[in-house]
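S.K.: Sending over a structure as structure tokens; questions will come in a sec.
All of the numbers you see were taken from the coordinates with simple rules; none came from a lab. In this text, all values refer to a predicted model and were calculated from it rather than measured experimentally. Backbone-built Cβ (ideal geometry, glycine too); neighbour counts: all protein chains shown.
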Ligand code: FES
């Protein structure tokens with residue numbers, strides 16, 4: 001099987017309601033993943049593209065969190081309504097959707113980790 005041209009990981013981690021940390025599932029990440037899968041099946045993009053669920057990506061304060069490899073581009077606050085734009089611009093045109101991108105300087109900081 002050829003390697004993936006784009007591999008999309010969507011955090012669907014669930015935390016208890018009384019957790020001090022937030023989680024992507026509380027921000028509809030399962031619906032984000034469903035939308036990616038639905039549109040990928042329908043659009044048949046060029047190349048090999050796959051969307052998978054992932055556990056916590058440690059950017060919980062910025063969810064719903066999506067990361068696309070091999071580019072290593074992180075998106076935060078992603079909603080199901082954002083998915084067509086990510087597919088159209090990032091996957092099809094090779095553009096970064098800047099309005100959703102998590103800047104490198106925020107990744108893995110207390111803000112992104114949602115540390116108490
Ligand atoms: S719960 Fe989604 S990044 Fe941690």
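S.K.: Using r as the Cβ-Cβ distance of residue 97 and residue 15, and R0 as 30 Å, what FRET efficiency do you calculate, to the nearest 0.05? Walk me through the numbers before you get to the answer.
M.R.: Values: r = 27 Å, r/R0 = 0.88.
So the FRET efficiency works out to roughly 0.70.
S.K.: Moving on. Would you calculate, for the chain, the mean residue ellipticity at 222 nm contributed by helices, counting each DSSP H stretch of 4 or more residues as -39,500 (n - 2.57) and dividing by all residues, to the nearest 500?
M.R.: The helix-only estimate for the chain comes to -4500 deg cm²/dmol at 222 nm.
S.K.: Between residue 22 and residue 3, 0.36 nm times their residue separation minus their Cα-Cα distance comes to what?
M.R.: Values: separation 19, 0.36 × 19 = 6.84 nm, distance 3.33 nm.
Going from the current span to full extension adds 3.5 nm.
S.K.: So what does the Cα-only Debye profile of the chain read at q = 0.21 Å⁻¹, as log10 I(q)/I(0), no solvent term?
M.R.: Normalising to I(0) and taking log10 leaves -1.13.
S.K.: Now a separate question. Can you tell me the 0 to 90 degree angle between the C-alpha axis of helix 29-43 and the longest principal axis of the chain, rounded to 10?
M.R.: Tilt of helix 29-43: around 0 degrees.
S.K.: Oh, and also: Run the numbers for residue 81 and residue 113: contour at 0.36 nm per residue of separation, minus the present Cα-Cα distance, in nm. Numbers along the way, then the final one.
M.R.: Values: separation 32, 0.36 × 32 = 11.52 nm, distance 2.42 nm.
Length gained between residue 81 and residue 113: 9.1 nm.
S.K.: Report relative contact order for the chain in percent, whole number only (criteria: Cα-Cα under 8 Å, sequence separation at least 6). Write down the numbers at each step before the final one.
M.R.: Working: 204 pairs, mean separation 36.4, N = 116.
Averaging sequence separation for qualifying contacts and normalising by length gives 31 percent for the chain.
S.K.: Counting other beta carbons within 10 Å of each residue's own, what order do 112, 29, 22 fall into, fewest first?
M.R.: Details: 112 22, 29 25, 22 15.
Least to most surrounded, the residues fall as 22, 112, 29.
S.K.: What full-extension length gain, to one decimal in nm, is calculated for residue 69 and residue 88 as 0.36 nm per residue of separation minus the Cα-Cα distance?
M.R.: 5.2 nm
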